[in-house]
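Below is one structure; the comments refer to it alone.
The values are calculated or read from the model by the stated rules, or taken from the named source; none is laboratory data. Quantities reported herein were computed from a predicted structural model and do not represent experimental measurements. Please note: Cβ atoms are built from the backbone with ideal geometry, for glycine as well, and neighbour counts cover all protein chains shown. Note: accessible area is taken over every heavy atom of the protein model, side chains too, but ligands, DNA and RNA are not part of it. Shrake-Rupley method; radii C 1.70, N 1.55, O 1.52, S 1.80 Å.
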Amino acid sequence: MYTDGNFCQVKSDSPIQPEIDVALDEGRLKKNMKTCAFITLGCKVNQYETQAIRESLAAKGFVETTPEQAADLYVINTCTVTSASDEKSRQHIKKVKRKNPRATVVVTGCYAEADAETIKSIEGVDYVITKDKEACLAEIISRDTVHRVPAEESIYNLKISHFAGHTRAFLKIEDGCDMYCSYCIIPYVRGGIKSRRPQDILEEAKRLIQNGYQEIVLTGIHLGAYGKDVQGKYQLPDIVYMLSNLSDLGRLRLSSIEINEITTDLIDLVRHTKKICPHFHIPLQSGDDVILRRMNRKYSSSQYSELLDGIRAKMHLPSFTTDVIVGFPGEKEVHYQNTVDLCEKAGFSRVHIFPYSAREGTPAAKMTDHCQPQTIRQRKARLEVAAKNLVFSYKKQFVNSCAEILVEAERDIKTNKLCGYSERYIKVLFDGPDTIKNSIVSVRIDEITPSFTTGTLQ
């Protein structure tokens, strides 16, 4: 065992946590370690899980500071969706250790699931904590009695009552994915579908509302598969309906949902319930059927377009946002152009464009017909131009109309105006008093430019 008075090597058969390679001396942990900082990479689910860890550490007496400041404890919640994500996680680990060599560094998240051994080999990492242990992270590092949490129950033990740094609160209702898209590592590291109990979701929503959150965003790794693991006893529309009936909730928004999991029941709920935002984030990934099949996506381009048309027929100017991957293996110019054409037909209000990056351990990484990096960069740039035009065209439809805006807690940095997002996820800048921050107000949209949208408080 190596020790310098502060650090000691913990054997792999430690009764507290077998994944821990290096731990701090118990006395120092309990007496002096009081500041903590968080670095979160990746998706909304990771942000939710960081918040749960944040609250558990606060209950142990830790005071949060920013990652830019020297802290006693850093929690790095990692992402592993691409190799670049892994590298970014490693960079953060090394950076915080340089900032405070005596700090404890805890690494968790999807990268910890995918490659714990590599993380353990990085000098300065004190804890590698897997997803099934996140619920007891505070107890592990505080050296309190740890009750082991079975993986299938861990989702129920992550709970929040606030959402630091956000005007909207994310509420995780599901974990895991069973789609196995050929480019994605997440099903291998997150596992299968795990749905939270409706009562737990309801109680958490009530806590968030009581603490002043006007908007709740339902999130999950595979949100539309909610309830699949309990044989459909409860499904996503049931949860949406349940939460929409909470009298003090301002509005409810869905995060990413797959095209073939948007049911008639869900569409009708959004259509008839004012609290539910008419905003659908539906990943497209590709607008070409050949590439969709290679991606192992479970729909065709025509099915995608037809569903969007069906939603538009039932409600006024719904907002569709999406994700697109350019340069997937085998993508030729004709395939790429089909994607551009479908995006233009869909009339997206926002497009997140990702250049394909091979992820080791996925079927796509083994494909032999990868696109050249320069081709991928050029296609991404071209699609970005098309996407900006789409966004502008969508927003123009709302000039001289009123939108309900949830006012952000911070003013816009460039203009010092109040800002916030509409129910259709349009960001609007306007003048007004600080007293209306974190409330939903009516704003008339006056001007749309490619860079911003401005309005007048009503």
- line: The residue that is surrounded by the most Cβ atoms within 10 Å (Cβ to Cβ), considering only those in the range 184-209 that are over 18 Å from the mean Cα position of the chain (by Cα) and without any contact (Cβ under 8 Å) to a residue 12 or more places away in the chain, is Glu203
query: How many residues does the range 413-458 hold that are open to solvent by less than 40 Å² (accessible area, probe 1.4 Å), part of a loop (DSSP other than H, G, I, E, B) and hydrophobic (A, V, I, L, M, F, W, C)?
result: 1
query: Does at least one position in the range 146-168 carry a residue that is at pLDDT 90 or above, open to solvent by less than 20 Å² (accessible area, probe 1.4 Å) and not hydroxyl-bearing (Ser, Thr, Tyr)?
result: yes
query: Would you pick out the residues in the range 57-77 that are touching a residue at least 60 places away in the same chain (Cβ under 8 Å) and of a type in the set (S, T, N, Q)?
result: none
task: Considering only the range 169-183, state which residues are of a type in the set (A, V, I, L, M) and crowded, with 21+ Cβ neighbours inside 10 Å.
output: Ala169, Leu171, Ile173
message: Go through the range 275-331 and report how many residues are farther than 30 Å from Ala365 by Cβ, of a type in the set (D, E, K, R) and buried (at least 18 other Cβ atoms within 10 Å of the Cβ).
response: 1
message: Name the residue that is nearest to Lys275 (Cα to Cα), counting only residues in the range 392-412 that are open to solvent by 30 Å² or more (accessible area, probe 1.4 Å), in contact with a Gly (Cβ under 9 Å, 6 or more places away or on another chain) and free of Cβ contacts under 8 Å to residues at least 60 places away in the same chain.
response: Cys402
field: Residues (at pLDDT below 85, out of contact with any helix residue (DSSP H, G or I) (no Cβ under 9 Å at 6 or more places or on another chain) and open to solvent by less than 20 Å² (accessible area, probe 1.4 Å)) located in the range 21-72
entry: none
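With a cut-off of at least 2 residues that are touching a Pro at 6+ places or on another chain (Cβ under 9 Å), over 30 Å from Thr368 (Cβ atoms) and modelled with pLDDT of 95 or more, name the strands (runs of 3 or more DSSP E) lying wholly within the range 233-333.
Working: elements: 251-254, 279-281, 319-326.
Those strands (runs of 3 or more DSSP E) span 279-281.
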message: Under 6 Å between Cβ atoms, which residue pairs at least 6 apart in sequence (or on different chains) link something in the range 85-98 that is in contact (Cβ under 8 Å) with a residue 24 or more places away in the chain with a partner that is among the small types (Gly, Ala, Ser) and open to solvent by less than 50 Å² (accessible area, probe 1.4 Å)?
response: Lys97/Gly124
